[in-house]
Amino acid sequence: MHDLTGTSDFSGTSVVRDVHRFDEARLVQWMSENVAGVRGPVAVKQFRGGQSNPTYKLTTGDISYVLRRKPPGRLLKGAHAIEREARVMQALGTVGFPVPHVYGVCTDEAVIGTSFYVAECVDGRIFWDAAFPGIDRAERPRYFDAMNEAIGRLHTADYAGLGLGDYGRRGSYFERQISRWSQQYVGDVEAGRDPDMDRTIEWLLRNIPAGDDTSLVHGDFRVDNMIFHPTEPRVLAVLDWELSTLGHPLADFAYHLMMYRMPPLVITGLLGADLVALNAPTEAEYVARYCDRTGRPAIPQLDFYMTFAMFRLAAIFHGIKGRYLRGTAASVRAREVVAALPQVVQLAWAQAERARL
């Protein structure tokens with residue numbers, strides 16, 4: 001499961017958890033052969049985040065790296081595809097998009113037990129709150145614009161020219177996604193059903209906008225999946241590409257824009273915040289800036305895309321609820337997700353009702 005529940009509680013590093021330990025000597029040997037300048041020894045710490053794919057900070061001398069690996073044990077087919085993460089970052093890095101540099105990918109499970117990649121450790125700031133607390137009021141609009149610029153740049157990238165023409169299926173994106181998440185929702189019997197969720201699914205299937213569009217999409221484009229420059233309103237790296245694929249850019253943008261219509265539940269939200277006092281752009285201003293960057297006159301069916309984004313989030317939370325009830329997701333964060341699920345479902349249906357007005 002990917003990290004849709006990150007908070008500042010998960011920042012920083014700690015000792016490697018027992019379940020995620022590996023043969024560090026084998027890793028050092030691989031790095032010395034595949035990463036220029038590494039001679040060992042290497043100090044290994046584990047990031048508190050990266051709950052989906054265990055993530056480590058490697059330090060040798062005065063240089064630090066990040067290692068991201070598949071978790072040990074049996075995995076669902078296609079899940080935890082760190083090779084895909086590495087591939088998209090390597091491709092985007094060639095055109096200067098802000099991603100960590102990938103030094104190497106290892107698919108030989110004999111080295112540390114699972115596939116992994118080693119990437120640049122980007123120094124900067126991670127904001128866990130979309131209100132950008134601690135930032136000077138006059139500077140805050142520039143931080144919003146930095147996020148907007150990054151997602152606009154992603155959605156206008158020439159994915160075929162980057163060698164990513166086969167990175168996902170093209171066409172019928174919403175039909176496929178609604179079907180996928182609906183089947184997961186219905187199939188998770190332990191987690192139960194919700195009438196608002198059922199209504200939302202029916203409404204989405206009846207109201208898919210005409211036409212189609214395809215771009216690279218991140219899948220989890222949130223403020224806390226970005227590293228900002230230590231002192232400037234500039235995105236140095238976009239992280240956590242596990243859900244990236246070829247998809248509809250407006251689905252990706254709506255998921256990002258959802259911050260304006262979400263309260264601060266398990267993920268960050270601006271609903272209820274005083275945007276004027278913050279000197280933050282309004283939702284309409286933020287949408288207009290994205291449209292300018294991506295060559296769109298407007299997003300006429302924004303409420304559909306927002307309904308879909310919230311439905312998808314609710315479906316993900318529903319899956320976490322099922323695992324929690326089965327005893328396979330027992331963390332404090334999982335309990336918080338379960339508690340927030342009814343409100344997320346209500347918010348999703350509220351978007352659909354808003355679209356009908």
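Quick notes on this structure:
- Selection within the stretch 109-141 - of a type in the set (D, E, K, R) and either touching a Phe, Trp or Tyr at 6+ places or on another chain (Cβ under 8 Å) or surrounded by 15 or more Cβ atoms within 10 Å (Cβ to Cβ) (or both): 120, 125, 129, 140
- Out of 153, 176, sole residue that is of a type outside the set (A, V, I, L, M, F, W, C) and buried (at least 18 other Cβ atoms within 10 Å of the Cβ): 153
- Exactly one residue among 95, 99 is buried (at least 16 other Cβ atoms within 10 Å of the Cβ) and modelled with pLDDT of 95 or more, and that residue is 99.
- Test for residue 254: is it farther than 24 Å from residue 324 by Cβ and in a loop (DSSP other than H, G, I, E, B): no
- Of the residues making up the stretch 328-335, none is of a type in the set (Val, Ile, Thr) and either modelled with pLDDT of 95 or more or touching a helix residue (DSSP H, G or I) at 6+ places or on another chain (Cβ under 8 Å) (or both).
- Residue among 355, 298 that is at pLDDT 90 or above, farther than 21 Å from residue 265 by Cα, surrounded by fewer than 20 Cβ atoms within 10 Å (Cβ to Cβ) and of a type in the set (A, V, I, L, M, F, W, C): 298
- Filtered by the rule that a residue be under 17 Å from residue 217 (Cβ atoms) and of a type in the set (Ser, Thr, Tyr), the stretch 285-317 gives 290, 294, 305.
- Count - residues of the stretch 35-73 that are exposed (fewer than 14 other Cβ atoms within 10 Å of the Cβ) and not in a loop (DSSP other than H, G, I, E, B): 2
- For the stretch 204-239, residues that are of a type in the set (Lys, Arg) and without any contact (Cβ under 8 Å) to a residue 12 or more places away in the chain total 1.
- The residues listed here are 293, 289; of these, the one that is surrounded by fewer than 20 Cβ atoms within 10 Å (Cβ to Cβ), among the charged types (D, E, K, R), part of a helix (DSSP H, G or I) and touching a Lys or Arg at 6+ places or on another chain (Cβ under 9 Å) is 293.
The values are calculated or read from the model by the stated rules, or taken from the named source; none is laboratory data. The structure displayed is predicted, hence computed values, not measured ones. With ideal geometry, Cβ positions are generated from the backbone for all residues, glycine too; neighbour counts draw on all protein chains shown.
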